[in-house]
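As structure tokens, the structure follows; a few thoughts come after it.
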Amino acid sequence: MEITPHLVVRDAARASQWYREALGAEELDRIEVPGGKLLQVELDFGDARVVLADEFPELGVLSPLSIGGTATVLHLSTDDVDALWQRALDAGAEVRQPLGDAFWGERYGQIVDPFGHRWGLAQRVREVSREEIARAAAELFGASANDG
């Protein structure tokens, strides 16, 4: 079984270019419909695929920019998160959560791309036990690790 995120964006052609330049994706295929909109743009992010499509408001297919945001965060792991982070910011990404060392063992930060989608950019920096993560999370959220 496999899951592939399908992102609706305003201007899928521009979004594809942005994801290639800012996040290192490779475009594999695109399907254009009459009128120039893109029904599908398939992107390769190493071990994962993402599909883009233009908005089709007449069909209720809307991007985060039209609906006022998204609850979804796409998690992108890399071997050099600092370089990827800077490249995304240079390309116009907005910082949602600053890049820093997280208690779960990743160097992690969140951006919002120019199309309204949220991305968690991460690099594994150390191994952390489940117990250590639970303890740190409990401290962060103000509860004891043993509270149920």
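Over the range 1-64, what percent of the accessible surface lies on carbon and sulfur atoms, probe 1.4 Å? Walk me through the intermediate numbers first.
Values: 1880 of 3720 Å².
So the carbon and sulfur contribution to the accessible surface is 50 percent.
Based on DSSP loop calls and a cut-off of at most 10 other Cβ atoms within 10 Å, the longest stretch of the chain free of exposed GluC sites (Glu not before Pro) is what? Write down the numbers at each step before the final one.
Numbers: sites that count: 2, 127.
That gives 3-126 as the longest site-free run.
Under a Cβ-only charge scheme (Lys and Arg +1, Asp and Glu -1), can you give me the dipole magnitude of the chain about the Cα centre, in debye to the nearest 20? Don't skip to the end; give the middle numbers.
Numbers: 14 positive and 26 negative charges, 60 e Å.
With only Lys, Arg, Asp and Glu charged at Cβ, the dipole is about 280 debye.
At 10 °C and a viscosity of 1.306 mPa s, what translational diffusion coefficient does Stokes-Einstein give for the range 37-92, taking Rh as the Kirkwood radius over Cα pairs? Give it in µm²/s as a whole number.
Numbers: Rh = 13.8 Å.
The estimated diffusion coefficient comes to 115 µm²/s.
How would 19, 108 rank on accessible area, largest to smallest, probe 1.4 Å?
On the way: 19 0, 108 25 Å².
Highest to lowest solvent-accessible surface, that is 108, 19.
I'd like the orientation of helix 12-23 relative to the chain: the angle between its Cα long axis and the longest Cα principal axis, in ° from 0 to 90, rounded to 10.
40
Report the Cα centroid-to-centroid distance between the range 77-106 and the range 1-62 in angstrom, as an integer.
Their Cα centres are 22 Å away from one another.
With a Förster radius of 25 Å, plug the Cβ-Cβ distance of residue 140 and residue 66 into 1/(1 + (r/R0)^6) and report the FRET value to the nearest 0.05.
Details: r = 34 Å, r/R0 = 1.35.
So, using R0 = 25 Å, E works out to roughly 0.15.
Among rounded, prolate and oblate, which fits the range 64-143 when a ≥ b ≥ c are the square roots of the eigenvalues of its C-alpha gyration tensor, a/c under 1.5 means rounded, and a/b larger than b/c means prolate?
Values: a/c = 2.75, a/b = 1.50, b/c = 1.83.
Oblate is the answer for the range 64-143, as a/c is 1.5 or above yet b/c matches or exceeds a/b.
Working from Cα positions, state the angle (0 to 90°, nearest 10) between the long axis of helix 130-140 and the longest principal axis of the chain.
The two axes meet at around 90 degrees.
What does the accessible area of residue 90 come to, in Å² to the nearest 10, when a probe of 1.4 Å is used?
For residue 90, the solvent-accessible surface is approximately 120 Å².
When only the heavy atoms of the protein chains count and the probe is 1.4 Å, how do 41, 33 rank by accessible area, highest first? Let's see the in-between values first.
Details: 41 0, 33 40 Å².
Order by accessible area, largest first: 33, 41.
Roughly what angle does helix 81-90 make with the longest principal axis of the chain, taking Cα atoms, 0 to 90 degrees, to the nearest 10?
Relative to the chain, helix 81-90 is tipped by roughly 40 degrees.
Over the heavy atoms of residue 56, what accessible area does a 1.4 Å probe trace out, to the nearest 10 Å²?
30
In the chain, what percentage of the DSSP-assigned beta bridges are antiparallel, given to the nearest 5?
Working: 23 of 32 bridges.
DSSP beta bridges in the chain are roughly 70 percent antiparallel.
Could you work out [θ]222 nm for the chain from helices alone, using -39500 (n - 2.57) per DSSP H run of at least four and dividing by all its residues? Round to the nearest 500 deg cm²/dmol.
On the way: 4 runs with 37 residues, N = 148.
Computed ellipticity for the chain at 222 nm equals -7000 deg cm²/dmol.
The values are calculated or read from the model by the stated rules, or taken from the named source; none is laboratory data. The structure presented is a predicted model; accordingly, all values stated were derived computationally and were not measured. Positions of Cβ are generated from backbone atoms using ideal geometry, with glycine treated the same way; all protein chains shown enter the neighbour counts. The area values use the complete protein model at the heavy-atom level, side chains included, leaving out ligands, DNA and RNA. Shrake-Rupley method; radii C 1.70, N 1.55, O 1.52, S 1.80 Å.
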